[in-house]
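The values are calculated or read from the model by the stated rules, or taken from the named source; none is laboratory data. This one's a predicted model, so the numbers in the text were calculated from it and none came from an experiment. Cβ sites come from the backbone with ideal geometry, for glycine too, and all protein chains shown count toward neighbours.
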Amino acid sequence: MAQESILGTSKLVAFAPVTDAVRARAFYEGVLGLRLVEDQKPFAMVFDANGTMLRVTPVGKHNPQPFTVLGWEVESIETTVERLAAAGVAMLRFPGLNDGDALGIWTAPGGARIAWFHDPDGNVLSVTEF
């Protein structure tokens, strides 16, 4: 018997912790091109990530995690990585994974192609072409 959905039909809200709101806004709005919906100083900046609410939240102290916290599905990973690089964003390289690819793109066993990068606070972000 199927269990009734508790959150399966609710919209997801994503969060990204940052230490410098001005620097974060320049990155998420200026570099990544997300539309700022509302600046709720000092609590959060609300961005529209193609229909998903992203709350970029200033925190006093932040210890970034070594894994992906936000990711985007893209149509052309090469074009996206090249545009990010042109905007000054460096792709992360992981020995034995994507270090042999000129653009830093890894092809997963299932065929998805992924590239990773940091935001200004060291959060790991990714782009994936399925």
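With the requirement that a residue be within 14 Å of the chain's Cα centre (by Cα), in contact (Cβ under 8 Å) with a residue 24 or more places away in the chain and more than 18 Å from residue 121 (Cβ to Cβ), what does region 1-43 give you? 13 - this is the single residue of region 1-43 that is within 14 Å of the chain's Cα centre (by Cα), in contact (Cβ under 8 Å) with a residue 24 or more places away in the chain and more than 18 Å from residue 121 (Cβ to Cβ). Scanning region 3-14 for residues that are at pLDDT 95 or above, out of contact with any Pro (no Cβ under 6 Å at 6 or more places or on another chain) and within 16 Å of residue 119 (Cβ to Cβ) turns up at least one hit.
Do we have any residue at all in region 44-55 that's closer than 25 Å to residue 15 by Cβ, in the same structural domain as residue 22 (by TED's automatic domain parsing) and β-branched (Val, Ile, Thr)? Lay out the reasoning, then the answer.
Keep residues of region 44-55 that are closer than 25 Å to residue 15 by Cβ, which gives 44-55.
From the residues that got through so far, the ones that are in the same structural domain as residue 22 (by TED's automatic domain parsing) too are 44-55.
Filter again for β-branched (Val, Ile, Thr), leaving 46, 52.
Yes, region 44-55 contains a residue that is closer than 25 Å to residue 15 by Cβ, in the same structural domain as residue 22 (by TED's automatic domain parsing) and β-branched (Val, Ile, Thr).
On inspection, residue 24 fails the criterion of being in a strand (DSSP E or B) and either surrounded by fewer than 16 Cβ atoms within 10 Å (Cβ to Cβ) or outside the structural domain of residue 116 (by TED's automatic domain parsing) (or both).
Taking first residues from region 74-86 that are in contact (Cβ under 8 Å) with a residue 24 or more places away in the chain and partners that are assigned to a helix (DSSP H, G or I), the Cβ contacts under 8 Å between residues at least 6 apart in sequence or on separate chains come to 74/80; 84/31.
Applying the selection to region 49-106, what residues are hydroxyl-bearing (Ser, Thr, Tyr), within 13 Å of the chain's Cα centre (by Cα) and over 17 Å from residue 129 (Cα atoms)? Please lay out each step first, then the result.
In the first step, residues of region 49-106 are kept if they are hydroxyl-bearing (Ser, Thr, Tyr); the result is 52, 57, 68, 76, 79-80.
Within this subset, residues satisfying the condition of being within 13 Å of the chain's Cα centre (by Cα) are 52, 68, 80.
Within region 49-106, just 52 meets the criteria.
Does at least one position in region 108-120 carry a residue that is β-branched (Val, Ile, Thr), surrounded by 14 or more Cβ atoms within 10 Å (Cβ to Cβ) and within 13 Å of the chain's Cα centre (by Cα)? Yes; the residues of region 108-120 include at least one that is β-branched (Val, Ile, Thr), surrounded by 14 or more Cβ atoms within 10 Å (Cβ to Cβ) and within 13 Å of the chain's Cα centre (by Cα). Taken over region 1-21, the criterion of being part of a strand (DSSP E or B) and aliphatic (A, V, I, L, M) is satisfied by 13, 14, 16, 18.
Confirm whether residue 122 is at positive phi and touching a strand residue (DSSP E or B) at 6+ places or on another chain (Cβ under 7 Å).
On the way: at positive phi: yes; touching a strand residue (DSSP E or B) at 6+ places or on another chain (Cβ under 7 Å): no.
Considered against the rule, which asks whether it is at positive phi and touching a strand residue (DSSP E or B) at 6+ places or on another chain (Cβ under 7 Å), residue 122 comes out as no.
Annotation: residue 97 fulfils all but one of (1) touching a residue at least 24 places away in the same chain (Cβ under 8 Å); (2) of a type in the set (A, V, I, L, M); (3) farther than 22 Å from residue 14 by Cα; the unmet one is (1).
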